[in-house]
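Computed from the coordinates by the stated procedures, all read-outs in this text should not be read as laboratory data. As the structure is a computational prediction, the values presented were derived from the model and not from experiment. Using ideal geometry, Cβ is built from the backbone for each residue, glycine included, and neighbour counts are taken over all protein chains shown.
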């Protein structure tokens, strides 16, 4: 069995017709369903969150997309690194 799991259930998800912890016997069908759900969540929900789909063993997990960390102490600030 393959499970499609929504890790962070937001208000938009609760108000939608989507279901959490959907189980499917076929991996390809589960992946297609999970991709469709993630697309719907990214395109039709309020936009406060971006969602990502990750495969974890027999599970397809939809969670909030992690922001890339901003590094304000980076050596390069666009001012011509290495030229003094």
Expressed in angstrom, Rg and Dmax over the Cα atoms of region 2-64 are 10.8, 33
Taking a crude spin-label model, label points 7 Å out from Cα along the C-beta direction, the residue 61 to residue 48 distance in nm is 2.2 nm
